[in-house]
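The values are calculated or read from the model by the stated rules, or taken from the named source; none is laboratory data. Just so we're clear, the structure is a prediction, and the values are computed from it rather than from any experiment. Neighbour counts are summed over all protein chains in view; Cβ atoms, including those assigned to glycine, are modelled from backbone coordinates with ideal geometry. The area values use the complete protein model at the heavy-atom level, side chains included, leaving out ligands, DNA and RNA. Shrake-Rupley method; radii C 1.70, N 1.55, O 1.52, S 1.80 Å.
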Amino acid sequence: MKSPTLIISLILLLLNVLFGYIMSSYGWVNVSLTSLAIIGNCLLMFLVSAMSIKDGFRVSFNCLFPLFTLIEIWCGIAAPNRFEDNGQLVAIIILIFIQVLLLVGANAISKSVE
């Protein structure tokens, strides 16, 4: 699980930076936000595979976290090309925070059930 996640994340990062160079309307703030989403979710997927959580949580997170990633990438693409007053940046941070809370909660529940 770790190797495909890393390969897909690296390909997405490479494409993201390449699009940032090619497209003038895709500013560096957008590239930064989408890269943040890709790297953050890659790390979260590694945590899902490394932690000793129940298989039900592991399977559901492996389906749910890529959906969060797509939403975060969409927010990063749609974001205005500035960091100030950027609602999409706040949305990305909140979505990553929700994923971390889900992972911490699943870890706590998995340890209490054992």
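Some observations on this one:
- Total residues in the stretch 49-78, condition open to solvent by 30 Å² or more (accessible area, probe 1.4 Å) and part of a loop (DSSP other than H, G, I, E, B): 3
- All told, Asp55 meets the bar of being out of contact with any helix residue (DSSP H, G or I) (no Cβ under 8 Å at 6 or more places or on another chain) and on the phi < 0 side of the Ramachandran plot.
- Scanning the stretch 16-45 for residues that are hydroxyl-bearing (Ser, Thr, Tyr), without any contact (Cβ under 8 Å) to a residue 24 or more places away in the chain and part of a loop (DSSP other than H, G, I, E, B) turns up Ser24, Ser25.
- Residue in the stretch 4-15 that is open to solvent by 50 Å² or more (accessible area, probe 1.4 Å), at pLDDT below 90, not in a helix (DSSP H, G or I) and not acidic (Asp, Glu) present: no
- Some residue of the stretch 99-106 being at pLDDT 90 or above, within 15 Å of Ala37 (Cα to Cα), part of a helix (DSSP H, G or I) and in contact with a Ser or Thr (Cβ under 6 Å, 6 or more places away or on another chain): no
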